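Scroll down for the structure; my scribbles are underneath it.
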Amino acid sequence: SFRRHADGTCRAEDGARSSTVPTFDVPYFRYIDEEETEGEGEEDSSGDSVVSDRYVVVSGTPEKILEHLLSDLRLDHDHQGSIQQTKESEPFLDDFLLTYLVVMSTSDLCQALLGQYPCNVHIRKRKVLHLVTKWTTLYRDFLREDEHVKLFMKTLYRFVLDDLYEYPTLEKEQKELQKLLRLHRRHKALSHQLSLKELQTRGTQIENREVLCHVYVSLDSYLSVRSPASVVAQGLLQQVAERLDVPQQELVLLAVTYTGEKLVLQPQARLYSDSLSAVGRLHVCRRDLSEVMNLFTDNAELPHRWARVLSMNTWDIAVSLTNFDWSIFNSIHEQELVYFTFSRHASGGHTAALELLLQRCNEVQLWVMTEVLLCSTLSKRVQLIKKFIKIAAHCKVQRNLHSFFAIVMGLNTAAVSRLSQTWEKVPGKFKKLFSELEMLTDPSLNHKAYRDALKKMKTPKIPFLPLLLKDITFIHEGNKTFLDNLVNFEKLHMIADTARLIRHCYGMPQKSGPEVRAYVDYLHVIDNQQTLFELSHRLEPRL
């Protein structure tokens, strides 16, 4: 039996059966799914209730947590003889694999796993191999370029090959490990190099990674162009020329370095490195190096260019925005949320999809402001605001809360909300609808309205990612990672629980028209708040 102590731990009492608790030199913490019941603090009449019916973790160092995890990992056999993880150990393992980076590096985990494998206990070896399979499957491409993981996998594979003679039942795990390594079936194929197929696959993945290129068309505004990371100057210039409706031969693409140096890019010049860093700030200019656009000219064509959205169906625009978000969201792994919070500067591009979607949220917000503030006609500005309110409502119906938030925030920014003459002309029913939409973005009570709505929404759905990251950051900053040099596993569980929210949200895009899709894929935005306010005051001067 167990007795709860004042320090929150549960320790075995005298006379308790020794078989109920693995032998560790540290106390147990009952952290997860714990309910206060009558008689808590009294002896528990069921000797194995804490171990079998509760999520129980050992309080200790990261290595001790791993040791306990392996000891508590119970594996069943299916009808084909393969080992299957029991449901009781799934939450603990999932929490650990999602959040181990908070308390230890990948290199430390590799060393700890190797330390757990070389033992004379057959089932222990199988547990280690099972955990490694789960880990590499969960993280997939995240570990592909990690040199520590490469060396670890090869070392572990050698251990397994050496053990096959004494433990023939490890053959299934050996084949699974071989698949992970992409090694040839023959033993002589074991080497320190990846196969040609693996190298080709990796190269394809690098080529297929996408970026949102910011191509400045004036000093303060840019076109957001979605392109593969392998895009060259000529291809990007062609895309921008088509969007601006300007002959490509009249334009050149410049890279402005951090020192202010302007470099004219050659047609086949690569714009992004494998780490997704750009060659510099990209500008498209006329051949005389003058700007393509000037936001403050009296050019009569300028307002009509950005009024294109008025001729488009609001549902189709919402579908295209949602499809764009789905294409990025579906490629985000929950691990990116942890990498972004704890290892952002050393993530090696692991957070590329997450950062892309966050960048898109900011751009949609700026796009709404830009469209409204570049429209010089009062009646058309009113139409634009009505249009954006309807688009936001459609995004909500399509369960795309990411673009929904971006549009509502764009309309609520000071530069747009101060346009009193414009808002006065907005019909009452649209103002009422907008007020209802605003309620969902209300931050009071820790965004209770949004959280309740998201919970009730059916899947698939796209949550508001900045709030998820905020939650993880608050969990991190508000809870110590170590208590008396021991891992605070409750913190890890809360982080894993938050990251797991996106696991069941994924979905498929809908069909949308090519004209609307092309428009949404190349948003023009002004990214200078001072410029936005100047435009706002030009439209409606301060009294």
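The values are calculated or read from the model by the stated rules, or taken from the named source; none is laboratory data. Quick caveat, the model's predicted, so the values are computed rather than measured. Note that each Cβ is placed from the backbone with ideal geometry, even for glycine, and that neighbours are counted across all protein chains shown. Each accessible area value is taken on the protein alone, full model and side chains, heavy atoms only, with ligands, DNA and RNA left out. Shrake-Rupley method; radii C 1.70, N 1.55, O 1.52, S 1.80 Å.
Brief remarks follow.
- Checked against (1) aromatic (Phe, Trp, Tyr); (2) over 25 Å from THR99 (Cβ atoms); (3) open to solvent by less than 30 Å² (accessible area, probe 1.4 Å), TYR522 passes all but condition (3).
Per-residue answers, yes or no, for (1) in a helix (DSSP H, G or I); (2) touching a residue at least 12 places away in the same chain (Cβ under 8 Å); (3) of a type in the set (Ser, Thr, Tyr); (4) over 17 Å from CYS395 (Cβ atoms):
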site	(1), (2), (3), (4)
VAL416	yes, yes, no, yes
TRP423	yes, yes, no, yes
LYS429	yes, no, no, yes
GLU436	yes, no, no, no
LEU445	yes, no, no, yes
ALA449	yes, no, no, no
THR459	no, yes, yes, no
PHE474	yes, no, no, yes
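- Region 231-251, subset at pLDDT 85 or above and in a loop (DSSP other than H, G, I, E, B), residue most open to solvent (accessible area, probe 1.4 Å): PRO247
- Among the residues of this structure, LEU282 counts as one that is more than 30 Å from ILE385 (Cα to Cα) and modelled with pLDDT of 85 or more.
- Only a single criterion out of (1) open to solvent by less than 40 Å² (accessible area, probe 1.4 Å); (2) closer than 24 Å to ASN330 by Cβ; (3) among the polar types (S, T, N, Q) is not satisfied by THR459, namely (1).
- Within region 525-543, tally of residues that are open to solvent by less than 50 Å² (accessible area, probe 1.4 Å) and either part of a helix (DSSP H, G or I) or closer than 16 Å to SER417 by Cβ (or both): 6
- Answer residue from region 62-90, given it is small (Gly, Ala, Ser) and assigned to a helix (DSSP H, G or I) and is modelled with the highest pLDDT among those: SER71
- Selection status of LEU465, open to solvent by less than 30 Å² (accessible area, probe 1.4 Å), closer than 13 Å to ILE502 by Cα and touching a residue at least 40 places away in the same chain (Cβ under 8 Å): yes
- TYR506 falls short on exactly one of the conditions (1) at pLDDT 90 or above; (2) farther than 18 Å from TYR450 by Cα; (3) hydroxyl-bearing (Ser, Thr, Tyr), and that condition is (1).
- Selection status of SER331, closer than 30 Å to ASP94 by Cα and not in a helix (DSSP H, G or I): yes
- Criterion (crowded, with 20+ Cβ neighbours inside 10 Å, of a type in the set (Gly, Ala, Ser) and assigned to a helix (DSSP H, G or I)) met by exactly one of ALA392, ALA353: ALA392
- Tabulated pairs, region 208-232, first farther than 23 Å from HIS350 by Cβ and charged (D, E, K, R), second modelled with pLDDT under 85 and open to solvent by less than 30 Å² (accessible area, probe 1.4 Å), C-beta under 7 angstrom, 6+ apart or interchain: ASP220/LEU295
- The number of residues in region 498-533 that are out of contact with any Leu (no Cβ under 9 Å at 6 or more places or on another chain) and of a type in the set (Asp, Glu) comes to 2.
- Subset tally (residues that are of a type in the set (S, T, N, Q), open to solvent by 30 Å² or more (accessible area, probe 1.4 Å) and assigned to a helix (DSSP H, G or I)) for region 91-110: 1
- Within region 270-288, restricting attention to residues that are of a type outside the set (Ser, Thr, Tyr) and more than 24 Å from LEU523 (Cα to Cα), the residue that is most open to solvent (accessible area, probe 1.4 Å) is ASP288.
- Restricted to region 111-216, the set of helices (runs of 4 or more DSSP H) holding at least 1 residues that are at negative phi, in contact with a strand residue (DSSP E or B) (Cβ under 9 Å, 6 or more places away or on another chain) and at pLDDT below 80 comprises 196-208.
- Scanning region 252-262 for residues that are farther than 17 Å from CYS213 by Cα and surrounded by 12 or more Cβ atoms within 10 Å (Cβ to Cβ) yields a total of 1.
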